[in-house]
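Where a number appears in this text, it was derived from the coordinates with a stated rule and is not lab data. Being a predicted model, the structure only gives us computed values, none of them experimental. Here the Cβ positions follow ideal geometry from the backbone for every residue, glycine too, while neighbour counts run over all protein chains shown.
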Amino acid sequence: MTAIDIQFWKIRKREGRKKPWELRWRINANPYSLSFLTKVLAQKFQSQLTRAAETVGEEWDLRTGQPVSWTRQQRTWFDHSCDVASAEWDGSAANSRKRLADSLAEITMAMLQDSITARRTRPPDATLRKALKQWAYRPGRIASETVPDDVAAALAWLGNHSRPVAELADQEHLRTLLAAIKKLQNGKQAAATTARTRRAILYKCLDRALSAKLIGINPLPAMKTRRRHLDDAVSPVTVPTLAQARRLLWAVRELRGHGQHRDRGPHLFALFCLMFFAGVRPSEGLDLKVAQCHLPMGGGWGSITLEGACPDVGELWTDDGERHDTRGLKHRSNKTVRPVPIPPELVVVLRLHLLTYPPAPDGRLFYDGPDQGKVPGQVYRSVWRRARKAALDPSEHASDVARRPYDLRHANASMLIAAGVDTAEIARRLGHSIRTLLTTYAHWIRGGEEAANARIEAALSAETITDNALTCENGNDGPVTGQPGKHGAA
């Protein structure tokens with residue numbers, strides 16, 4: 001509201017109090033009071049209120065009896081970032097929520113006070129990050145669960161020792177923050193994609209601060225920083241050859257575990273085959289159901305119809321509290337499906353898989369444990385590490401080749417491009433845009449360079465370039481070139 005009437009009472013001293021000098025005032029019919037250590041401090045605050053009351057159009061907060069602009073200037077980054085996390089929660093994918101919490105935590109760690117008192121009482125950084133990522137930026141958890149003592153103390157400290165949002169209106173403070181969020185916890189430079197994500201989330205926070213009138217302008221677009229080269233391309237050294245991929249898949253099939261998990265390798269063999277022969281993402285393969293598979297009895301090509309994915313993101317970030325997020329295809333609406341033709345070899349693998357391992361009650365081809373739950377990410381990655389050690393020789397194992405199961409998908413993409421499959425068809429099968437396909441894979445495919453060199457060599461050796469090719473005889477009205485010829489210089 002805009003103040004209509006403000007009145008002060010005489011500053012009084014109340015003995016026996018830590019802050020004995022009390023200032024009392026009212027705005028319209030609402031009374032307020034604050035206590036100060038000395039009378040001079042009380043008088044200073046009264047004069048500040050008086051000047052604010054004389055400002056035309058000044059809005060007042062009836063909860064505090066102070067100008068709204070004062071509250072905005074004091075709004076801390078920690079409180080503001082918690083509001084951002086809450087506002088972004090609904091409608092976001094679980095991975096997006098987790099990525100937001102991780103980025104906000106690192107930005108907040110760079111927005112903490114560095115005073116002597118703050119340093120003396122500061123909890124360990126690991127506890128602060130835990131409090132931020134798992135509690136402060138997980139909306140509703142603090143109200144619904146018992147907060148551990150160390151986390152509660154860390155949250156209280158963060159509330160008292162976070163710097164104000166208004167500081168970021170100053171370019172020097174903002175420049176310091178940008179430099180800090182480009183680094184990892186160990187002090188090394190973060191990947192370009194990580195730095196880009198953090199900057200984008202900072203921009204979103206500042207934009208919301210602008211809407212809340214915590215700052216007068218979003219200063220981030222005006223900050224000119226050296227743009228780092230973003231290389232989203234897959235490194236060819238990580239992609240297995242056809243021979244290496246077959247060795248790895250065979251090793252998965254031959255793996256044996258212990259107890260109820262002794263068949264994990266053979267059971268997940270078909271999942272890794274889906275990644276290599278059909279180019280599916282791990283989360284898409286884990287969500288595949290038998291009704292989505294067309295597997296002809298008499299051989300030949302079959303197909304699978306991908307309808308969704310179930311990435312393992314952790315129970316903190318999903319709506320239902322499960323560790324897997326049930327969602328549509330990546331970067332697609334929930335109703336989008338992706339039919340993918342599969343070669344005869346994969347048809348045989350999937351048919352044998354279903355004969356050996358009947359589907360789960362909901363139709364999923366892959367599951368883990370006696371309850372047939374969804375396969376955790378750590379399980380199939382552990383199987384892959386064991387298979388990699390068994391299948392590769394020491395030099396290959398020490399290299400980066402096929403370090404992740406996802407590299408089988410990259411191998412599929414490289415195989416399709418090398419085979420000359422139409423670019424649009426490859427992008428459709430992989431669930432990419434054509435632009436993403438070309439920037440991610442096409443530039444390192446072997447074969448294109450040799451073909452181009454052969455064409456250039458043929459052009460250079462053909463009769464199109466002769467001793468008389470560049471004389472004035474084969475020019476229309478151009479000047480003499482100086483090349484040997486009937487009319488040219490000898």
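Test of understanding: ordering ARG12, ARG75, ARG63 by Cβ neighbours within 10 Å, fewest first, what list do you get?
Details: ARG12 13, ARG75 19, ARG63 9.
So the residues, fewest neighbours to most, are ARG63, ARG12, ARG75.
For VAL383, VAL56, VAL337, VAL84, which order do you get if you count the other beta carbons within 10 Å of each Cβ and list the fewest first? Could you put the intermediate results ahead of the total?
Working: VAL383 25, VAL56 5, VAL337 12, VAL84 18.
Lowest count first: VAL56, VAL337, VAL84, VAL383.
Tell me, what does the Kirkwood hydrodynamic radius of the range 6-65 come to in angstroms if you use every pair of distinct C-alpha atoms?
Numbers: mean 1/r = 0.0827 Å⁻¹.
By the Kirkwood definition, the hydrodynamic radius is 12.1 Å.
Taking N as the number of residues in the chain, what is its alpha-carbon radius of gyration divided by 2.2 N^0.38 Å?
On the way: Rg = 32.8 Å, N = 490, 2.2 N^0.38 = 23.2 Å.
Cα-based Rg divided by the globular estimate yields 1.42.
Less than 20 Å apart at the alpha-carbon level, and either on another chain or at least 8 residues along: which lysines does that give for LYS39?
Within the straight-line limit of under 20 Å, LYS39 reaches these lysines: LYS10, LYS13, LYS18, LYS19.
Show me the chymotrypsin sites (Phe, Trp or Tyr not before Pro) within the range 1-52 that DSSP assigns to loop and that have at most 15 other Cβ atoms within 10 Å of their Cβ.
On the way: sites: PHE8, TRP9, TRP21, TRP25, TYR32, PHE36, PHE45; in loops: TRP9.
For chymotrypsin sites (Phe, Trp or Tyr not before Pro) across the range 1-52 that sit outside H, G, I, E and B with at most 15 neighbouring Cβ atoms in 10 Å, the list reads TRP9.
Quick check for you: which residues of the range 361-385 have the amide N under 19 Å from the point 7 Å beyond the Cα of ARG403 toward its beta carbon?
378-385
Normalised radius of gyration for the range 314-360, please: alpha carbon Rg relative to 2.2 N^0.38 Å, two decimal places. Show your work: numbers first, answer last.
Working: Rg = 15.7 Å, N = 47, 2.2 N^0.38 = 9.5 Å.
With N residues counted in the range 314-360, Rg over 2.2 N^0.38 Å equals 1.65.
Determine how many Å³ per residue the convex hull of the Cα atoms of the range 237-442 encloses. Please report the intermediate quantities before stating the final value.
Values: hull volume 27.8 nm³, N = 206.
Normalising the Cα hull of the range 237-442 by residue number yields 135 Å³.
Below 9 angstrom from the Cβ of ALA251, what's the summed charge of the other residues (Lys, Arg +1; Asp, Glu -1)? Walk me through the numbers before you get to the answer.
Working: positive: ARG247, ARG253, ARG386, ARG388, LYS389; negative: GLU254.
Net charge in that neighbourhood comes out at +4.
With Cβ to Cβ distances under 13 Å as the rule, what net charge do the other residues near SER115 carry (K, R +1; D, E -1)?
On the way: positive: ARG119, ARG120, ARG122, ARG163; negative: ASP114.
The answer is +3.
What is the spin-label model distance, in nm, from ASP125 to GLU58 if the labels are put 7 Å beyond Cα along the C-beta direction?
It is 4.2 nm.
Please give the length that would be gained between ALA180 and ARG381 if that part of the chain were fully extended, namely 0.36 nm times their separation in residues minus their C-alpha to C-alpha distance (nm, one decimal). Intermediate results must be reported in sequence, preceding the final value.
Details: separation 201, 0.36 × 201 = 72.36 nm, distance 3.24 nm.
Extra length from ALA180 to ARG381 when fully extended: 69.1 nm.
What's the FRET efficiency of LEU354 with THR440 using the Cβ-Cβ distance as r and R₀ = 41 Å, to the nearest 0.05? Write down the numbers at each step before the final one.
Working: r = 32 Å, r/R0 = 0.79.
That gives a FRET efficiency of 0.80.
Taking 0.36 nm per residue of sequence separation and subtracting the Cα-Cα distance, how much length would be gained by fully extending the chain between LEU242 and SER433, in nm to one decimal? Numbers along the way, then the final one.
Numbers: separation 191, 0.36 × 191 = 68.76 nm, distance 2.52 nm.
Roughly 66.2 nm would be gained on extension.
Based only on Cα atoms, what mean projected area does the convex hull of the range 77-222 have, in nm²?
Details: hull surface 36.4 nm².
Averaged projected hull area, Cα only: 9.1 nm².
Between ILE217 and ARG17, what FRET efficiency comes out of the Förster formula 1/(1 + (r/R0)^6) with R0 = 45 Å and r the beta carbon distance, rounded to 0.05?
Numbers: r = 43 Å, r/R0 = 0.94.
Efficiency computed from Cβ-Cβ geometry: 0.60.
Give the aspartates and glutamates whose C-alpha is closer than 17 Å to that of LYS335, dropping any in the same chain fewer than 8 places away, or say none.
Partners within reach: GLU284, ASP287, GLU307, ASP325.
Restricting attention to the range 275-372, which chymotrypsin sites (Phe, Trp or Tyr not before Pro) occupy a DSSP loop and are surrounded by at most 12 other Cβ atoms within 10 Å? Intermediate results must be reported in sequence, preceding the final value.
On the way: sites: PHE276, PHE277, TRP301, TRP317, PHE366, TYR367; in loops: TRP301, TRP317, PHE366, TYR367.
Listed in order of number, the matching sites are TRP301.
Give me THR241, THR194 ranked fewest to most by other Cβ atoms within 10 Å of their Cβ, as a rough exposure proxy.
On the way: THR241 13, THR194 18.
Fewest-to-most Cβ neighbours within 10 Å comes out as THR241, THR194.
Quick one: Debye curve from the C-alpha atoms of the range 136-216, no solvent, what's log10 I(q)/I(0) at q = 0.12 Å⁻¹?
These q points yield log10 I(q)/I(0) values of -0.51.
Need one number for the range 151-302: average projected area of the convex hull over its C-alpha atoms, nm². Please list the in-between numbers first.
Values: hull surface 69.6 nm².
That works out to 17.4 nm².
Tell me what the chain gives for mean residue ellipticity at 222 nm when only DSSP H runs of n ≥ 4 count, each as -39,500 (n - 2.57), the sum divided by the residue total, rounded to 500 deg cm²/dmol. Before the final figure, lay out the partial values.
Values: 20 runs with 218 residues, N = 490.
-13500 deg cm²/dmol, from helical runs alone.
For GLU322 and ASP362 in the same chain, what is the full-extension length gain: residue separation times 0.36 nm, less their Cα-Cα distance, in nm?
On the way: separation 40, 0.36 × 40 = 14.40 nm, distance 1.61 nm.
Going from the current span to full extension adds 12.8 nm.
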